[in-house]
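The values are calculated or read from the model by the stated rules, or taken from the named source; none is laboratory data. Everything quoted here is computed from the prediction, not taken from an experiment. Positions of Cβ are generated from backbone atoms using ideal geometry, with glycine treated the same way; all protein chains shown enter the neighbour counts. Remember, those area values only see protein heavy atoms, side chains included, never the ligands or the DNA or RNA. Shrake-Rupley method; radii C 1.70, N 1.55, O 1.52, S 1.80 Å.
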Amino acid sequence: MRHGPAVRRRKLGEELRRLRDRAGLTSPQAARLVGWHQSKVSRIETGRSGVKPSDVTLLLAAYDVRDAQHRSLLEALAEDSGESGTQWWHAYRGLLPPQYRDFISLESRACAARTLETSVVPGLLQTPHYARAVTGATLSAMPEEQLDTLVEVRLARQKVLREDCPLALSVVLDEAVLRRTVCSERVMQEQLRHLLDMTELPHVRLQVLPFAAGAHAGLTGAFVIFSFPNMADLDVVVIDHLASSLYLERKEDLTAYAAAFQRIQEQAMSHQDSRDLIAGLR
């Protein structure tokens with residue numbers, strides 16, 4: 001089990017080491033080029049210490065990495081893996097647990113996400129009323145003001161679906177998610193209507209896994225697979241628990257979950273049939 005920043009530090013270090021090798025440089029040679037001690041390069045590449053975005057910029061220049069998107073992602077990962085940052089979610093540092101901030105940073109950097117949900121509508125597709133009902137049910141002892149803030153954060157996350165280069169979102173929903181009345185029928189009506197609206201976006205694909213599908217590869221629970229542009233080695237599986245999150249990063253785990261998601265998609269209804277079911281339930 002790894003904590004989010006540790007995952008990104010290690011993956012960032014591995015990518016920087018790969019780029020150094022591609023440039024034909026040894027660790028001491030790279031250190032001399034940027035004016036560091038060799039031990040600093042080693043600590044960065046093994047993920048033992050964090051790295052500033054400015055340090056990543058120096059290394060990428062030394063390794064002659066010119067791809068702008070590649071450079072931007074690595075610099076952003078360096079910022080997110082540190083203790084401070086300038087992204088919008090850092091303003092909620094006092095309220096959001098580290099695991100949730102890590103999840104948001106992964107979500108904001110990813111180019112694609114595949115998710116199986118067995119209990120609730122994914123946060124990126126929730127309405128404000130539905131989000132508040134779900135958050136209130138899982139955090140019943142939280143003061144109203146803090147609940148409002150958490151809903152605000154959840155809605156702010158949804159902007160990844162409205163950007164110029166939006167997140168490609170593939171969702172499989174268990175049929176139970178659609179039939180479970182959260183808060184009230186009015187809230188569910190609104191939520192179902194919102195699902196229909198969101199699934200009209202070309203980069204949002206939703207499939208319903210019907211009860212008739214029987215046993216499936218996702219019976220052990222929900223999960224999300226994040227993929228990153230140009231760097232499959234940065235992909236990660238996130239499994240949420242009530243009080244923590246599990247990050248899976250080994251290639252074997254990624255392969256297993258990707259294969260499981262594909263099998264689940266094959267058992268699920270098509271995108272259009274799923275939309276028809278949602279419309280009928282409304």
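About its Cα centre, what dipole magnitude does segment 90-281 give when the only charges are +1 on Lys and Arg Cβ and -1 on Asp and Glu Cβ, stated in debye to the nearest 20? Provide the component values of the computation, followed by the final result.
Working: 18 positive and 24 negative charges, 13 e Å.
Computed about the Cα centre, the dipole is about 60 debye.
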Rounded Å value of the spacing that divides the Cα centres of segment 11-38 and segment 111-189: 42
Candidate lysines - alpha carbon under 22 Å from Lys40, same-chain residues fewer than 8 apart omitted: Lys11, Lys52
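Of Glu14, Glu175, which has the most accessible area with a 1.4 Å probe, and how do the rest follow in descending order? Present the calculation step by step, with values, prior to reporting the outcome.
On the way: Glu14 60, Glu175 20 Å².
Listed by decreasing accessible area, they come as Glu14, Glu175.
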Rounded if a/c under 1.5, otherwise prolate or oblate - segment 12-64, Cα gyration tensor axes: rounded
Computed [θ] at 222 nm, helices only, for the chain once each DSSP H run of length n ≥ 4 contributes -39500 (n - 2.57): -15500 deg cm²/dmol
DSSP beta bridges in the chain [antiparallel fraction, %, rounded to 5]: 50
Degrees between helix 4-22 axis and first principal axis of the chain (Cα, 0 to 90, nearest 10): 50
Virtual spin-label span in nm between Ala156 and Ser49, 7 Å along Cα→Cβ: 3.1
Shape call, segment 64-188: gyration tensor on alpha carbons, a/c limit 1.5: oblate
